[in-house]
1. Listed residues Phe185, Phe158; which is crowded, with 22+ Cβ neighbours inside 10 Å and modelled with pLDDT of 90 or more?
2. Would you confirm whether any residue within segment 306-315 is in contact with a Leu (Cβ under 9 Å, 6 or more places away or on another chain), in contact (Cβ under 8 Å) with a residue 24 or more places away in the chain and of a type outside the set (A, V, I, L, M, F, W, C)?
3. Which one of the conditions (1) more than 29 Å from Ser63 (Cα to Cα); (2) in contact with a strand residue (DSSP E or B) (Cβ under 6 Å, 6 or more places away or on another chain) does Arg342 fail to meet, given that it meets all the rest?
4. Restricting the search to segment 65-76, which residues are surrounded by 21 or more Cβ atoms within 10 Å (Cβ to Cβ), outside any loop (DSSP other than H, G, I, E, B) and out of contact with any Gly (no Cβ under 6 Å at 6 or more places or on another chain)?
5. Kindly check whether there is at least one residue in segment 117-128 that is touching a strand residue (DSSP E or B) at 6+ places or on another chain (Cβ under 7 Å), at pLDDT 85 or above and over 30 Å from Tyr164 (Cβ atoms).
6. Considering only residues of segment 338-355 that are in a strand (DSSP E or B) and among the charged types (D, E, K, R), which is surrounded by the fewest Cβ atoms within 10 Å (Cβ to Cβ)?
7. Take Arg302 and decide whether it is basic (Lys, Arg), under 25 Å from Ile398 (Cα atoms) and either modelled with pLDDT under 85 or touching a His at 6+ places or on another chain (Cβ under 9 Å) (or both).
8. Quick one: count up the residues across segment 81-96 that are under 20 Å from the mean Cα position of the chain (by Cα) and surrounded by fewer than 23 Cβ atoms within 10 Å (Cβ to Cβ).
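The values are calculated or read from the model by the stated rules, or taken from the named source; none is laboratory data. What you see is a predicted model; the values in this text were computed from it and never measured. Counting neighbours? That spans all protein chains shown, and the Cβs are built from the backbone with ideal geometry, glycine included.
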Amino acid sequence: MIDKFTLLAVGLFISLKQMIKTVRGGLILCVFIFLSGIVNAQTITISAKVIDKETKEPLPFASIGIKSRPIGTITNLQGEFDFHIPIEFRNDVLVVNMLGYQPYEVPAWTVTENRNIIEMTKSTQFLEEVVVSDSLRGGEILTIALGRIEQNYPMKPFLMDGFYRDIKEVGGTYVSLLEAAVKIFDEDYKAPRNKFKLRERVALQEVRRSLGYENKFTAYFDEGNLLEDILLHNNIRYRQFPEEEIFFKGMVREKDSYYNGHQVYVISQRYDYDLVIYIDKVNYAIVRLEYENDEQEVIRKRRGLVSKFVNIKRIIDFKSYDGKFYLNYLTLDSKINWYDSRTDELAFETQLHQQLLINKVYPNTNEYIGTTEKMKNYGLQYQDLRYNKEFWDNYNVIKESPLDRKIINDLEKEISLDKQFRNKRN
């Protein structure tokens with residue numbers, strides 16, 4: 001998948017079929033914040049739901065954090081989150097950020113009782129204006145941004161705590177779930193010699209998986225290390241942009257927007273795929289990249305079947321801490337269909353959903369992931385550890401939502417997920 005995706009992402013004649021729309025409307029943060037009590041005398045849990053003020057629609061992937069602290073989480077598809085924070089942070093400022101909205105900030109403890117509904121202000125001041133304030137073109141903005149990567153991103157060793165999830169779907173039915181708590185180490189954001197070779201070192205902390213990984217259809221998915229695969233889709237880290245002038249000339253400047261408290265440039269390109277890049281207007285940091293492609297092409301053959309790439313969607317989002325931008329989350333959804341090699345008739349459809357959330361950053365660290373700690377380069381499903389329920393109960397993950405009930409129902413047809421996680425093979 002990475003080779004196919006990269007070729008599509010950095011080809012000379014790439015462009016957008018459909019402009020990705022900026023979120024519109026006001027916002028209400030319907031908060032039913034509560035302190036769930038002290039967990040091991042160390043943490044408290046804040047729970048909330050983020051919805052659109054006008055449409056009442058949930059806002060997925062809103063960033064949640066504590067101001068000036070290197071921890072955070074994101075909302076799920078229903079706009080909900082559970083945020084486990086150290087108890088000493090209870091008097092710190094809770095921050096909610098969403099593209100197209102002004103940030104919401106309030107001391108965490110004040111939201112527990114008196115603010116059941118919190119209204120956030122849409123950044124109409126910037127969203128409605130026509131771009132006339134300066135003459136920079138889309139390609140020029142991107143050129144400046146790429147030239148400032150080493151200024152805007154960490155150039156000293158850093159460590160990140162992350163939550164990884166992948167879900168495999170066949171013909172509309174979810175067949176497997178894997179989740180992992182990981183530590184990710186990187187030296188810096190210098191341009192790599194090889195854009196497709198992983199530079200980060202990853203150590204697995206905890207892994208849990210459903211028994212569906214033994215389903216016969218899982219053999220039709222990539223059985224390599226999917227966590228390595230998603231990390232290699234960080235175009236900014238790996239400089240996966242074409243260098244030819246025609247690519248930069250094809251970048252179109254859209255209306256400016258607002259993100260993480262700053263005005264941002266919005267640039268796009270439209271040919272065989274959809275690409276939108278958000279760039280901070282103050283320091284020219286790339287804060288977000290959205291990509292979608294639905295071009296069909298044969299990938300491989302297996303057991304009399306031929307697989308064809310159908311669609312891929314990806315979002316890369318960054319968050320600022322202590323003057324540098326670190327990965328906030330990365331999502332990757334890919335769809336591959338399998339056809340009879342003789343008749344070319346559709347046999348079945350597969351989809352792979354991957355998410356990587358960074359929930360804590362350790363900048364300028366002396367800690368290093370050594371060879372013995374580093375995860376193996378084969379599939380995570382073969383590296384799982386014994387299920388540690390207490391650990392997962394207190395770890396910042398992407399909160400389960402009602403939309404996830406179908407996934408759970410599909411996976412629990414024979415036995416509960418908790419029992420699957422506890423299975424001796426884990």
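1. Answer to the selection: Phe158.
2. Kept after step one, since they are in contact with a Leu (Cβ under 9 Å, 6 or more places away or on another chain), are these residues of segment 306-315: 309, 312-315.
Right, trim to in contact (Cβ under 8 Å) with a residue 24 or more places away in the chain and you get 309, 312, 314-315.
With the extra rule that they be of a type outside the set (A, V, I, L, M, F, W, C), the set shrinks to 314.
Yes, there is a match, as at least one residue in segment 306-315 is in contact with a Leu (Cβ under 9 Å, 6 or more places away or on another chain), in contact (Cβ under 8 Å) with a residue 24 or more places away in the chain and of a type outside the set (A, V, I, L, M, F, W, C).
3. Only one criterion in (1) more than 29 Å from Ser63 (Cα to Cα); (2) in contact with a strand residue (DSSP E or B) (Cβ under 6 Å, 6 or more places away or on another chain) is unmet by Arg342, namely (2).
4. Quick first cut of segment 65-76, residues surrounded by 21 or more Cβ atoms within 10 Å (Cβ to Cβ) only: 65, 72-76.
Subsequent filtering for residues that are outside any loop (DSSP other than H, G, I, E, B) retains 65, 72-74.
Of everything in segment 65-76, those that are surrounded by 21 or more Cβ atoms within 10 Å (Cβ to Cβ), outside any loop (DSSP other than H, G, I, E, B) and out of contact with any Gly (no Cβ under 6 Å at 6 or more places or on another chain) turn out to be Thr73, Ile74.
5. no
6. If we filter segment 338-355 for residues that are in a strand (DSSP E or B), which is where we start, we get 338-340, 346-355.
Next cut, among the charged types (D, E, K, R) only: 340, 349.
Numbers: Asp340: 12, Glu349: 14.
Step by step, filter segment 338-355, then rank; the result is Asp340.
7. On the way: basic (Lys, Arg): yes; under 25 Å from Ile398 (Cα atoms): no; either modelled with pLDDT under 85 or touching a His at 6+ places or on another chain (Cβ under 9 Å) (or both): yes.
No, not satisfied.
8. Of the residues in segment 81-96, 3 are under 20 Å from the mean Cα position of the chain (by Cα) and surrounded by fewer than 23 Cβ atoms within 10 Å (Cβ to Cβ).
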